[in-house]
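Asker: Sending over a structure as structure tokens; questions will come in a sec.
The values are calculated or read from the model by the stated rules, or taken from the named source; none is laboratory data. Keep in mind the model is a prediction, meaning the values are calculated, not measured. Virtual Cβ from ideal backbone geometry, glycine too; neighbours counted across all protein chains shown.
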Amino acid sequence: MSSLIEKAAQRLEQLRQAGVEMAPAQQAADEPTLAAAAAPLPASPAPAPAVVAQISSPEVDRTSKFVHLDVESLALAGFVTPNAPRAAIADQFRVIKRPLLANATGKGAAPVANGNLIMVTSAMPGEGKSFSAVNLAMSMAMELDYRVLLVDADVSRPSLRKVFNLPAGPGLMDLLIDNKIKMADVLLRTNVDKLNLLLSGTPHPRATELLASDAMTALIEDLGRRYPDRIIIFDSPPLLLTTEARVLASHMGQILMVVHAEKTLRSQVLHALTTIDACPVKLLMLNQARGGDQDAYGYGYGYGFGYGQSASQAAESNVQVSSAS
């Protein structure tokens, strides 16, 4: 091969010395190997803009708004916070979250459909459901393997914005009203690692109908199906005051019902449980139970499960477990 190249080079040189003009196209055709060897390497084309796949969840998208939560003030108000000194309430929520996480990740006693969708509710207002929802979300966000989205679905009496001292802004209602609004437009990233918020959003006179709409069904199903590494906690309205809580419950895999110790009537607990009979996992949490070492903190918790039971059977077993805690 090298002798052929040398002969071709000598022939070309003889032609040039004889005064023969070589057309550029002809020269290129006659000496492709020489041209290729002498020419610099072509510049690499500019790389195309990278397409960032939202593998985990849209809350990590930089287009989502970032808000700073005052964790010190939250700790002083009695909430579970990261890096806070060990306290009884933090230990209690570690116990409460463990079976919920097991069900959410398929590691429980039985498979739970939509186990990563958890609704925190109560029979009546004033039982501590929002307080419990925030603490549960905070405690779960401390886990190494999961992200947490806390949704304020109590649209008639939203409280998360006040708890976190955040300005008014778009949220859940806006997603349901305007299909041009995307999740990244309303989601709030926080300085608490792995915790994101979705506030109730703009008040709407037909909030109940919106929560019962096909748009809400599609939103919940999309949230629960698309991001398996995310636990979604809904702070729901009380079950016995509004119908939207019952509609929301029909989509949930797990429901945590908060019961105020020595305040909530047994009949109210039983009635509330009949409204969520279709949910596969119902857990009751006894709030503000005083006694023994818990007097210093003012909060005590009891919990119990009902699998494959009727509402009345589940209520009977759960109330007994909670009362005995």
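Asker: Quick one: in the stretch 190-212, which of the residues that are at pLDDT below 95 and out of contact with any helix residue (DSSP H, G or I) (no Cβ under 6 Å at 6 or more places or on another chain) is nearest to residue 167 (Cα to Cα)?
Answerer: So the residue we want is 203.
Asker: Any idea which of 127, 209, 143 is touching a residue at least 60 places away in the same chain (Cβ under 8 Å) and not hydrophobic (A, V, I, L, M, F, W, C)?
Answerer: On the way: 209 fails: touching a residue at least 60 places away in the same chain (Cβ under 8 Å); 143 fails: touching a residue at least 60 places away in the same chain (Cβ under 8 Å).
Exactly one of 127, 209, 143 is touching a residue at least 60 places away in the same chain (Cβ under 8 Å) and not hydrophobic (A, V, I, L, M, F, W, C), namely 127.
Asker: Could you grab me the full set of residues in the stretch 150-185 that are β-branched (Val, Ile, Thr) and at pLDDT 95 or above? Break it down stepwise before answering.
Answerer: From the stretch 150-185, those β-branched (Val, Ile, Thr) are 151, 155, 163, 177, 181; that's our starting set.
Hits for the stretch 150-185 are 151, 163.
Asker: Still on this structure, please answer the following. For the stretch 131-148: of the residues being at pLDDT 95 or above and touching a helix residue (DSSP H, G or I) at 6+ places or on another chain (Cβ under 7 Å), which is nearest to residue 159 (Cα to Cα)?
Answerer: Only one residue tops the list, namely 134.
Asker: Separate question: Please determine whether any residue of the stretch 170-181 is among the acidic types (Asp, Glu), surrounded by fewer than 19 Cβ atoms within 10 Å (Cβ to Cβ) and part of a helix (DSSP H, G or I). Step through it out loud before you land on a result.
Answerer: Residues of the stretch 170-181 among the acidic types (Asp, Glu): 174, 178.
Then keep just the ones that are surrounded by fewer than 19 Cβ atoms within 10 Å (Cβ to Cβ); that gives 174, 178.
If we keep only those that are part of a helix (DSSP H, G or I) too, we end up with 174.
Scanning the stretch 170-181, I find at least one residue that is among the acidic types (Asp, Glu), surrounded by fewer than 19 Cβ atoms within 10 Å (Cβ to Cβ) and part of a helix (DSSP H, G or I), so the answer is yes.
Asker: Related question: Please work out if residue 160 is crowded, with 16+ Cβ neighbours inside 10 Å and more than 16 Å from residue 80 (Cβ to Cβ).
Answerer: In short, no.
Asker: Right, another one. Say we look at the stretch 250-264 and pick out the residues that are in contact (Cβ under 8 Å) with a residue 40 or more places away in the chain and of a type in the set (A, V, I, L, M, F, W, C); which of these is farthest from residue 123 (Cα to Cα)?
Answerer: Here the answer is 252.
Asker: Looking only at the stretch 103-113, filter to residues that are closer than 14 Å to residue 280 by Cα and out of contact with any strand residue (DSSP E or B) (no Cβ under 7 Å at 6 or more places or on another chain); which one of those is modelled with the highest pLDDT?
Answerer: The first filter runs over the stretch 103-113 and keeps only residues closer than 14 Å to residue 280 by Cα, leaving 103-104, 106, 108-113.
Filter again for out of contact with any strand residue (DSSP E or B) (no Cβ under 7 Å at 6 or more places or on another chain), leaving 106, 108-111, 113.
Details: 106: 85, 108: 79, 109: 76, 110: 81, 111: 84, 113: 88.
Here the answer is 113.
Asker: Take residue 243 and decide whether it is within 29 Å of residue 65 (Cα to Cα), more than 16 Å from the chain's Cα centre (by Cα) and β-branched (Val, Ile, Thr). Even if it seems obvious, please write down each step before you answer.
Answerer: Working: within 29 Å of residue 65 (Cα to Cα): no; more than 16 Å from the chain's Cα centre (by Cα): yes; β-branched (Val, Ile, Thr): yes.
Here the answer is no, as residue 243 does not meet what is asked.
Asker: Restricting to the stretch 116-133, count the residues that are closer than 20 Å to residue 146 by Cα and surrounded by fewer than 24 Cβ atoms within 10 Å (Cβ to Cβ).
Answerer: To start, the set of residues in the stretch 116-133 that are closer than 20 Å to residue 146 by Cα comprises 116-120, 132-133.
When the remaining residues are screened for being surrounded by fewer than 24 Cβ atoms within 10 Å (Cβ to Cβ), the result is none.
The total comes to 0.
Asker: Inside the stretch 77-115, can you point out the residues that are closer than 18 Å to residue 195 by Cβ and among the hydrophobic types (A, V, I, L, M, F, W, C)?
Answerer: 77, 79, 80, 84, 89, 90, 93, 96, 100, 101, 104, listed by residue number.
Asker: Also, quick follow-up: Within the stretch 213-236, identify whether any single residue is in a helix (DSSP H, G or I), assigned by TED's automatic domain parsing to the domain that holds residue 106, modelled with pLDDT under 95 and touching a Ser or Thr at 6+ places or on another chain (Cβ under 6 Å), and answer yes or no. Give the derivation first.
Answerer: Step one: list which residues in the stretch 213-236 are in a helix (DSSP H, G or I), which gives 214-226.
Restricting the remaining residues to those that are assigned by TED's automatic domain parsing to the domain that holds residue 106 gives 214-226.
Restricting the remaining residues to those that are modelled with pLDDT under 95 gives 214-226.
Those still in the list that are touching a Ser or Thr at 6+ places or on another chain (Cβ under 6 Å) too: none.
The answer is no, given that none of the residues of the stretch 213-236 is in a helix (DSSP H, G or I), assigned by TED's automatic domain parsing to the domain that holds residue 106, modelled with pLDDT under 95 and touching a Ser or Thr at 6+ places or on another chain (Cβ under 6 Å).
Asker: Of these, 89, 118, which one is assigned by TED's automatic domain parsing to the domain that holds residue 245, closer than 23 Å to residue 159 by Cα and over 17 Å from the mean Cα position of the chain (by Cα)?
Answerer: Values: 118 fails: over 17 Å from the mean Cα position of the chain (by Cα).
Sole residue among the options that is assigned by TED's automatic domain parsing to the domain that holds residue 245, closer than 23 Å to residue 159 by Cα and over 17 Å from the mean Cα position of the chain (by Cα): 89.
Asker: Looking at the stretch 66-113, which of its residues are among the small types (Gly, Ala, Ser), at positive phi and out of contact with any Phe, Trp or Tyr (no Cβ under 8 Å at 6 or more places or on another chain)? Steps first, please.
Answerer: In the first step, residues of the stretch 66-113 are kept if they are among the small types (Gly, Ala, Ser); the result is 73, 75, 77-78, 84, 87-88, 90, 102, 104, 106, 108-110, 113.
Imposing the further condition that a residue be at positive phi reduces the set to 78, 106.
If the condition is that a residue be among the small types (Gly, Ala, Ser), at positive phi and out of contact with any Phe, Trp or Tyr (no Cβ under 8 Å at 6 or more places or on another chain), then 106 is the only one that fits.
Asker: Taking the conditions exactly as written (surrounded by fewer than 20 Cβ atoms within 10 Å (Cβ to Cβ), hydrophobic (A, V, I, L, M, F, W, C) and part of a loop (DSSP other than H, G, I, E, B)), does residue 240 satisfy them or not?
Answerer: Values: surrounded by fewer than 20 Cβ atoms within 10 Å (Cβ to Cβ): yes; hydrophobic (A, V, I, L, M, F, W, C): yes; part of a loop (DSSP other than H, G, I, E, B): yes.
Judged against the criteria, residue 240 is a match.
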